[in-house]
1. Please determine whether any residue of segment A:369-381 is touching a residue at least 60 places away in the same chain (Cβ under 8 Å), under 23 Å from A:L172 (Cα atoms), surrounded by fewer than 24 Cβ atoms within 10 Å (Cβ to Cβ) and in contact with a strand residue (DSSP E or B) (Cβ under 9 Å, 6 or more places away or on another chain).
2. Within the set of pairs 6+ apart or on separate chains, which have a first residue in segment B:64-84 that is more than 7 Å from every other protein chain (Cβ to nearest Cβ), a second that is open to solvent by less than 10 Å² (accessible area, probe 1.4 Å) and of a type in the set (V, I, T), and C-beta atoms under 9 Å apart?
3. Just give me the residues in segment A:404-455 being among the polar types (S, T, N, Q), assigned to a loop (DSSP other than H, G, I, E, B) and open to solvent by 30 Å² or more (accessible area, probe 1.4 Å), in sequence order.
4. Looking at segment A:217-244, which of its residues are crowded, with 24+ Cβ neighbours inside 10 Å, among the small types (G, A, S) and in contact with a Gly (Cβ under 6 Å, 6 or more places away or on another chain)?
5. When only residues in segment A:178-198 that are touching a Gly at 6+ places or on another chain (Cβ under 7 Å) and open to solvent by less than 70 Å² (accessible area, probe 1.4 Å) count, which is nearest to A:V292 (Cα to Cα)?
6. So, in segment A:80-98, of the ones that are within 18 Å of B:A38 (Cβ to Cβ) and more than 7 Å from chain B (Cβ to nearest Cβ), which residue ends up farthest from the chain's Cα centre (by Cα)?
7. Being closer than 22 Å to B:P26 by Cβ and among the aliphatic types (A, V, I, L, M) is the filter here; which residues of segment A:343-371 pass it?
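The values are calculated or read from the model by the stated rules, or taken from the named source; none is laboratory data. Bear in mind the structure is a predicted one, so any value in this text is a computation, not a measurement. Here the Cβ positions follow ideal geometry from the backbone for every residue, glycine too, while neighbour counts run over all protein chains shown. In case anyone asks, the SASA skips ligands and DNA or RNA and just uses the protein heavy atoms, side chains included. Shrake-Rupley method; radii C 1.70, N 1.55, O 1.52, S 1.80 Å.
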Amino acid sequence: MHHAAAPPAWVMLAYLVAGVCFILALRGLSSPASSRRGNRLGIAGMTLAVVTTLIHYAPRAGQHDATVFGAAGNFDFTTMAQIAGAIVLGAVIGLATARRIAMTAMPQLVAAFHSLVGLAAVLVAAAAFLNPEAFGISDNGVISPVSRVEMGLGAAIGAITFSGSVIAFLKLNGNMSGKPIMLPMRHVINFGTLAAIVGLTAWFTQDQSPWIFWTLTALAFLIGFLLIIPIGGADMPVVVSMLNSYSGWAAAAMGFTLQNSAMIITGALVGSSGAILSYIMCRAMNRSFISVIAGGFGGDSAAAGGGEAIDRPWKRGSAEDAAFLMKQAEQVIIVPGYGMAVAQAQHALREMGDLLKAEGVTVKYAIHPVAGRMPGHMNVLLAEANVPYDEVFELEDINSEFARTDVAFVIGANDVTNPAAKTDKASPIYGMPILDVEKAKTVLFIKRSMGGVGYAGVDNELFYRDNTMMLLADAKKMVEEIVKNMG
Amino acid sequence: MDFISILSIFVLACFVGYFVVWSVTPALHTPLMAVTNAISSVIIVGALIAAAAGSVTAGGSTAKWLGLLAVVLASVNIFGGFAVTARMLAMYKKKERP
């Protein structure tokens, strides 16, 4: 076996064009108007990459170097049929899932999809290790040291992405408690495992023994699991973004192995995308990435403020009061949170908004960056309920308006509205940017009961303010009641 | 391509990614995750190579089956990812102006 030649120019060019399509697909997301065209370009890029690969690397019986196009050997119909079958099988599963999934379940769907990319990366790395000639990375069966590092990294990052995403999926889907699970000595175990992975990758460059490759892959599966179990449900926006980033770096590592520009460009895009989203989420919680990854947030401090909370006076309102107050208002700002998603209250909420608008009330929606379980979660749910996107505002664009607003309507959000973040230095959420709902003339706050606290485990001072009226009920039922009272 | 050329593509693509992603409106962050997930399935290229080449080379038949399995997984992602993105994006509507 000789070292394989690079693919012909047209193949390289096709991969480059596919990469450009992917850049334009993300670029399209700068506004909803251009986003649909962007998605179509993404599909075009993927089709180009797949078709190019199938033509150039078409299976040929009796040919030993698959990287040379047009050499002797008959077209291998059996293998081609198997490949087509594999694609069709994946397409059927993927399309059926995409069509059926509820919008509220989007975070767990994305986590599940990430796990598939991770596992696919591990499988491709393993295939490249077992059959390096096919990938043109070996010389007489010896894989070049650079390729071994790339392969090891691809397998390790892929494995971390896979097991981490599986845990994230189980937590988001409710199969596993959202509470952090704390192992004793977990930092020591994690650092030890990571060091072992790095050490084995280094050793792998010197020694091509299979056990090194498989051990480092197995350890990577383990560390992905260990890293995610101590992270609480509410930190999931960061975790999902981080795993998104990893799935990109895994693709990039395999792109280096295959010298494929489409994979490298995509990997870099996805890797930076996930990293930026993680950064935005951490900034919105005023926490460092390290503290989120170290985990344990929201686990133990819950009992702290509980006792005194019940003794403080607070006002309870009814659906009738809420309907009356909002109909009299000039402007109402609705602040949705994860509770809205859980109660599936978005459609009822939009109905309420429509009735208010018919009464001449200005209705706006205010979204905190970490509302929900993944970046942009609330926006998708509101869009699903047909709320026009130009009524939906980000924190920095709307925060100054609360002072000029008659009613702030908080539905299923808690910590992101807690004024303690601005005043109480002892609070775990101190310094987190919050929505200034307390500045509105009246705050209507929907909550199931007075007992529970937000995910940060802190009591919300907002409940006991003079201008706050608590609406204690299931979010969806309460909104439906309000709608009835408005008619 | 030598290693440095590939590295150059990678580094420059990271910068492109940085600027492109910051220009994405926060309202579309969920579709962003769905579509990045779909395009990261371009790893299917590696899966196809393994699946296509496997039948004849030594050690290749295991690699072939691993490749085929990876083709299935990546296809789920490609079709599912783009379809769910399209479904989400179709919901974003502007206010109807009378």
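1. Yes - at least one qualifying residue is present in segment A:369-381.
2. B:K64/A:T79
3. Within segment A:404-455, A:S449 is the sole residue that qualifies.
4. A:G224, A:S241
5. A:P180
6. A:V88
7. If the condition is that a residue be closer than 22 Å to B:P26 by Cβ and among the aliphatic types (A, V, I, L, M), then A:A345, A:L349, A:V363, A:A366, A:I367, A:V370, A:A371 are the ones that fit.
Condition check ((1) of a type in the set (V, I, T); (2) outside any loop (DSSP other than H, G, I, E, B); (3) at pLDDT 95 or above) across all residues:
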residue: A:A6; (1), (2), (3): no, no, no
residue: A:L41; (1), (2), (3): no, yes, yes
residue: A:M80; (1), (2), (3): no, yes, no
residue: A:A96; (1), (2), (3): no, yes, yes
residue: A:T104; (1), (2), (3): yes, yes, no
